[in-house]
Amino acid sequence: AALKINLDFFQKKYEYAQFDSYRKIFEILDTAADETRRISHSMMSNQLQERGLLSMLKELYLDVEKPRFVIQTRGMEHRLSPSLEMTLYAIINECVTNALKHAQAQQIEIQLNRTKNDELTLIVEDDGEGFDSNKSSRMGKGLVSLTTRVREHLGGDLIIDSTPGKGTVVMVKIKIKK
């Protein structure tokens with residue numbers, strides 16, 4: 001993603017750039033990113049099952065300098081089912097990717113709260129650029145994917161609150177099935 005953003009900037013800055021060449025480079029990058037994502041997902045699945053969601057999140061994000069990550073949990077003493085952990089990981093990853101790619105966030109906060117009634121709330125909040133969440137034209141593949149995962153796969157609620165210049169909050173609420 002960072003390479004694509006830099007190439008896009010370069011193309012806009014230097015008008016003499018060959019548009020067909022850049023289009024081909026972007027196609028190659030998309031293919032490489034898809035393949036990397038597939039391999040990474042397979043590897044991540046095994047690591048996630050071995051270590052658990054919270055350990056993976058801490059390992060992936062807490063040593064990162066920029067943006068700064070904050071991970072908070074409550075009521076998460078016991079692991080969730082492997083399939084729920086994998087789905088939550090995918091949701092968190094999509095939110096973090098969006099914050100890095102589109103928002104230029106300086107801080108990303110991830111909260112996981114589980115109640116005694118087995119209700120789970122996931123909140124991913126960034127201090128980035130934000131967007132007008134009322135405009136459906138901004139609903140890219142990532143947000144569509146989030147909606148599908150939360151509503152169809154988990155039977156939960158998804159709330160996206162974002163305002164230009166004030167960051168984005170993504171909240172997922174689900175009932176944990178036993």
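Residues in region 82-116 that are in a strand (DSSP E or B) and under 16 Å from D161 (Cα atoms): I108, E109, I110, Q111.
Kindly evaluate R74 against the criterion of being touching a residue at least 40 places away in the same chain (Cβ under 8 Å), closer than 25 Å to E50 by Cα and open to solvent by 60 Å² or more (accessible area, probe 1.4 Å). In short, yes. Evaluation of K116 against the conditions (1) out of contact with any Ser or Thr (no Cβ under 7 Å at 6 or more places or on another chain); (2) surrounded by 19 or more Cβ atoms within 10 Å (Cβ to Cβ); (3) among the charged types (D, E, K, R) shows that the sole unmet condition is (2). Taking the numbered list (1) open to solvent by less than 20 Å² (accessible area, probe 1.4 Å); (2) farther than 30 Å from N46 by Cβ in turn, V170 passes all entries but (2). Tell me yes or no: at least one residue of region 142-161 is in contact (Cβ under 8 Å) with a residue 60 or more places away in the chain, open to solvent by less than 70 Å² (accessible area, probe 1.4 Å), part of a loop (DSSP other than H, G, I, E, B) and on the phi > 0 side of the Ramachandran plot. The answer is no, given that none of the residues of region 142-161 is in contact (Cβ under 8 Å) with a residue 60 or more places away in the chain, open to solvent by less than 70 Å² (accessible area, probe 1.4 Å), part of a loop (DSSP other than H, G, I, E, B) and on the phi > 0 side of the Ramachandran plot.
The values are calculated or read from the model by the stated rules, or taken from the named source; none is laboratory data. Remember, it's a predicted structure, so these values are computed and weren't measured experimentally. Backbone-built Cβ (ideal geometry, glycine too); neighbour counts: all protein chains shown. Calculation scope for accessible area: heavy atoms of the full protein, side chains included, ligands and nucleic acids excluded. Shrake-Rupley method; radii C 1.70, N 1.55, O 1.52, S 1.80 Å.
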